[in-house]
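The values are calculated or read from the model by the stated rules, or taken from the named source; none is laboratory data. All of these numbers come straight from a predicted model, not from anything done at the bench. We place every Cβ from the backbone using ideal geometry, glycine too, and count neighbours over all the protein chains shown.
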Amino acid sequence: YYSRVVIFTDTSGALLPAYIPREVEHYWYDWWEGEGYFSPQFTSEKRFSLVLPPPNVTGTLHLGHALTCTIQDVLARWYVYYQQYKTWPLGDSYLLDVECYVFKRVMCAEEFYVCKRVLCVEKSAVYPEKCVVCAKEWVSVLCIQDRECAEKCVMCAGVCVVYSGTLFTSHHGLCSVRRHRMRGEQVLWVPGTDHAGISTQVIVEKKLFKERGLTRHDLGRDKFLQEVWKWREDKSRAIKEQLRRLGSSLDWSRETFTMDAKQCDAVKEAFMRLFEAGLVYRANSLVNWSCVLQSAISDIEVEHRHFSGSTLCKVPGYDDPVEFGVISDFAYKFCDRDGEIVVSTTRIETMLGDVAVAVNPSDTRYKHLQGVHLWHPFQHRKIPLIFDEAVDINFGTGIVELDLRPRCYSTMRSGHTTAGKLLLFGTGIVELTLQPRCDSTVHSGHTTAGKPLLFGTGAVKITPAHDMIDLEVSKRHGLDSISVITEEGRMESNCGVYSGMKRFEVRSKLLEDLHTLKLFRGKRDHSVQVPFCTRSEDVVELLLKPQWFIRCKQMAEEAAAAVQDGQLQLEPAYTEKIWYNWLYNSRDWCVSRQLWWGHRIPMYHCQVEDESTRPHELWIAALNEDHARKKATLQLHLDDTQAHKLIVVQDEDVLDTWFSSALFPFSALGWPDQDQDYRQFYPLSVLETGHDILFFWVARMVMLGTRLTHQIPFQKVLLHGVLCDAHGRKMSKSLGNVISPENVITGISLEELQHQSHMSVEAGLLSQEECDKAVSGQAKLFPKGIPECGTDALRFTLASHNIKHHQISFDVSECHTNRLLCNKLWQATKYTLMCLDKATPEWPTINDKHKMSIEQRWVLSRLGTAVAEVNTALEKADFHSATQAIRTFLHYELCDIYLESTKLAMKDSGTAPLTCGTLVRCLETTLLCLSPFMPYITEELYQRLPLQNKTDSITVASYPCTHEWSVWRDEEVESEVQLVLNVVSAIRSLRSKCQTTDTTLTVHVVSKSTNDRQVLAHLLAVMRRLSKCHDIIICTEEPADITLSTLADTVGPSCSVYLTTQVGVLRHDKKWSKKERRLLKELDKLVKRTSSVGYKDKTPSHVQKCQADKMKAIQLELEKMQELHE
């Protein structure tokens, strides 16, 4: 239990002079957690659930994780505030909670509507038999459960409805809904971490070797796993602390780890069910193999690097760099006749595993060679020439060097353009078109040709053990697969003199020997994609290995159909095409990994040796060895004697990490057990993650979730982009642009940043080369270090970007700007508390609108607009639009305008109470809107405000509702105040032009409109304060004493501003021209739109009128500007 008394005592003191993040953010999280605000209470059937994509325990969180946490926490907190609760815009009505009892009766609408009174029911009160206002009997029955029903209620003249234990009345009878409050919707956000098999094992191995000079094999499996568990404990603790510091409202009572006991049971059960359904099989197949890790790896752990030409690249295990980006040509001689076939390869070392050369059966060049064999010069065996439709007839070396030789005379008539030396390679299909020139006489130094049509050899080498396509071809022709590269990256024993040599060292030796045999035909630059392992930086080999696979075809089709049928929504929508493309072309999933850290595959090889019969053996999927033994005994029909001879051995391999991760949406909720969490919160409401793991994680969750639970695991997928630095570069350790969230929250000097990089070298997480690059990059990016910004500013900055873009650029300077926004809010609260010391607030209601000042009506109207924009944006997950709406209202409309206007109103005892109440209500609503983005500062300031209906914490307060605030919208008032603001903006612009701070300058505001002059006169005091000009004159005619010292500007079509200075100023300046160009551009755009074909027929009449009025206003303003120029 966390003492709220201490917390509240602390907030009773005066606010600090300025906002300091660390003073605000250090204690609120413990209090929230202690009060149980992050745990659902199971008081309603309505639910909102999501899981945190479990961070890998390879290290600590980076800014990408902070982005994910921010997005999900905003969703979770908003659903707690807004989607969880429902209330009504009561105006002058009164809302009072009663005992949880569902009333479905409806008061007599007509009589109650006339009464215009409020029915108050005290807590624990017995529901009255008659209306206490009009004494009428209850009539009809109506249960309002959603907005649609509420709208029907509005149509039936407005009634007093009591539902789900809360009484709602309105003197207007309007049943506008603040969603879900009455429903008591519960939010569950489950935290967890992922064991990250390959990544974690690699890091621990590096650390072990760095610190103790030991390999995992030196320790043995059990002791090595103990070391990994220690690493996991340390990193899990650090990750948890980071998540808490980020303000993530996670339910820590449900924290899980992908290798805890419950998760292990789920993994075994899932794999066993898939095996029994015939979806798991064991086969020899080509897999991505890391020779350094000595394990198969998934596609996501493979990075394809492009080499456009000869490039030297460092490869682990080699002292000298290895050359990539070249292709070599060599010849295979016919066995029984003269002649040869030339083939090309970028992996000359794999030719030792060639089993055939293939050509297309329609290629006329080889039709007479049916049944011919070629001689392998190093394996000393025959290999067949085979015919297969998969071969491109135009493939091959296609080497033709077209040399345009000089002619013997210098002047000639030429009808062609020419080139120097043309090297044609690849498919060999190049048609050289000699195009006519426009001039008749040219000096040429080249001969020309007709139209040479050049083809390749159309012959390819077949190496089934190291190429996916070749493997398919070999299966069709019944060819053997010969592996020539070992798991360690050396040549196999079947490679003769090359046996035992490293795979890339054998290249040069083979080329030398081909030269000696006169079979080498050349080497040149070639564009190539080389697969690298992202974990070990090693070149990935395709090796033929016995592995466990999951059949994905049917599950992939079901996952694609789920989106196509609308059962699953992907956002942004453009990802649907990518989703279909991947699923319809997916291959079976290799799930076995040759690692020690991970879930041991629950497959048991069961074999019984019996001298009288042949050995009985099979693979069994089981929960443990005893379970496997029982199942094998039954399936092999063994008697007691044979059962004693049964040998049961579990597969040594572990499962791909993505397998256990794919179960996380339901295993984290207790599956396979059908406990309360699983029943209440599965399927999840939404899955939010990065678009880069759409296939590797999201698609597999949908496939396995649908198969194992018979439900799609979530209703919606929200994908965010990849976080990049301010220059749009992907964050990388070697660039030095990877930023820890803590460094932004607390601030850090450049020296400390660079020290962290050096410590990463000590820990074995960075190489010295990477460290040097990182240190250099940090010096360029953060020459003065990173200033302290705080959690709230970091979260707000991350949410201020369009998360649906493919890339999201993060700039630390933006974060610091948002810290200043926090200080703006801090100072506004200080001022509000000062006002509360001077006056008792009178809370604004819609009934009091007639006695409110125009400033008060304006700010409440603008707040209504902001609330609508924020909620609309959050519903669409457009967080950047929500933050912009909040920023605009808080910074500009509330602080810069309304707050300034209150400084005069607060001096009048008659207007002070309502002025103060309006200010408090605006600040309260701003805090509520901002709270999902900035939980710490909003809680701190919320606790200090004396509010009308205050909850224990802003965490459980109601979120501002569009329907509630729509009653304050007043377009007429906004238009009037906007005129004043435009005049103020013009005055400020003119003052800026003459570069003066003099407040005694005379300003004339000229307007022909009587209404405009009245509005300006009414807000003259506000205008003077905002513009910092004390002498403002409102008139109908321009001043008579216009001189070269008078500046002028237009404000719309009917208003002008004149500012008289003490010195001459050039009136037609660059800013004026810029404004004129902007207006002309806008006018041109409107003219084109209104004159387009079909405009009058297709455009609604009110839109046509609006655009016509806008065009007229722009034309009038341009005319006014022209007059001022003259």
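General observations
- Only residues that are surrounded by fewer than 18 Cβ atoms within 10 Å (Cβ to Cβ), of a type in the set (A, V, I, L, M) and either in contact with a Lys or Arg (Cβ under 9 Å, 6 or more places away or on another chain) or closer than 12 Å to D792 by Cα (or both) were counted in segment 17-34, giving 1.
- Checking the stated criteria, H891 turns out not to satisfy the condition of being free of Cβ contacts under 8 Å to residues at least 12 places away in the same chain, out of contact with any Ser or Thr (no Cβ under 8 Å at 6 or more places or on another chain) and in a helix (DSSP H, G or I).
- Condition met for L646 (in contact with a Lys or Arg (Cβ under 9 Å, 6 or more places away or on another chain) and buried (at least 17 other Cβ atoms within 10 Å of the Cβ)): yes
- Sole exception among (1) among the small types (G, A, S); (2) surrounded by fewer than 17 Cβ atoms within 10 Å (Cβ to Cβ); (3) within 27 Å of the chain's Cα centre (by Cα) for A793, by number: (2)
- In segment 835-852, the condition of being within 28 Å of W31 (Cα to Cα) and either without any contact (Cβ under 8 Å) to a residue 24 or more places away in the chain or crowded, with 18+ Cβ neighbours inside 10 Å (or both) is met by no residue.
Yes or no, residue by residue, for (1) modelled with pLDDT of 95 or more; (2) closer than 15 Å to P55 by Cα; (3) over 18 Å from the mean Cα position of the chain (by Cα):
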{"position": "E652", "(1), (2), (3)": "no, no, yes"}
{"position": "L655", "(1), (2), (3)": "yes, no, yes"}
{"position": "P665", "(1), (2), (3)": "yes, yes, yes"}
{"position": "D673", "(1), (2), (3)": "no, no, yes"}
{"position": "Y678", "(1), (2), (3)": "no, no, yes"}
{"position": "Y682", "(1), (2), (3)": "no, no, yes"}
{"position": "S685", "(1), (2), (3)": "no, no, no"}
{"position": "H691", "(1), (2), (3)": "no, no, no"}
{"position": "L694", "(1), (2), (3)": "no, no, no"}
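- Subset of segment 673-698 that is closer than 22 Å to Y574 by Cβ and charged (D, E, K, R) - its residue that is surrounded by the fewest Cβ atoms within 10 Å (Cβ to Cβ): D692
- Selection status of V608, of a type outside the set (F, W, Y), without any contact (Cβ under 8 Å) to a residue 60 or more places away in the chain, buried (at least 16 other Cβ atoms within 10 Å of the Cβ) and over 21 Å from K716 (Cα atoms): yes
- Residue check: G500 meets all listed conditions (1) on the phi > 0 side of the Ramachandran plot; (2) in contact (Cβ under 8 Å) with a residue 60 or more places away in the chain but one, namely (2).
- Flag if L735 is of a type in the set (A, V, I, L, M) and buried (at least 20 other Cβ atoms within 10 Å of the Cβ): no
- Of all residue pairs spaced 6 or more apart or on separate chains, those with beta-carbon atoms under 8 Å, a first member in segment 233-247 that is closer than 15 Å to P54 by Cβ and a second member that is of a type outside the set (D, E) and in a helix (DSSP H, G or I) are K240/W252; Q242/H65; Q242/P741; L243/C69.
- Flag for E625 being over 30 Å from R232 (Cβ atoms), surrounded by fewer than 19 Cβ atoms within 10 Å (Cβ to Cβ) and of a type outside the set (S, T, N, Q): no
- Considering segment 318-385, the qualifying strands (runs of 3 or more DSSP E), each wholly inside and each with 2 or more residues that are under 20 Å from T516 (Cβ atoms) and within 54 Å of the chain's Cα centre (by Cα), run over 326-334, 340-345.
- Residue match in segment 713-733 (condition: of a type in the set (S, T, N, Q), out of contact with any helix residue (DSSP H, G or I) (no Cβ under 7 Å at 6 or more places or on another chain) and closer than 30 Å to L669 by Cβ): yes
- Test: residue in segment 707-715 that is buried (at least 23 other Cβ atoms within 10 Å of the Cβ), in contact (Cβ under 8 Å) with a residue 40 or more places away in the chain and out of contact with any His (no Cβ under 7 Å at 6 or more places or on another chain): yes
- Residue match in segment 797-807 (condition: part of a helix (DSSP H, G or I), in contact with an Asp or Glu (Cβ under 9 Å, 6 or more places away or on another chain), crowded, with 18+ Cβ neighbours inside 10 Å and at pLDDT 90 or above): yes
- Looking only at segment 910-951, and only at residues there that are more than 17 Å from Q827 (Cα to Cα) and free of Cβ contacts under 8 Å to residues at least 40 places away in the same chain, the one that is farthest from the chain's Cα centre (by Cα): G910
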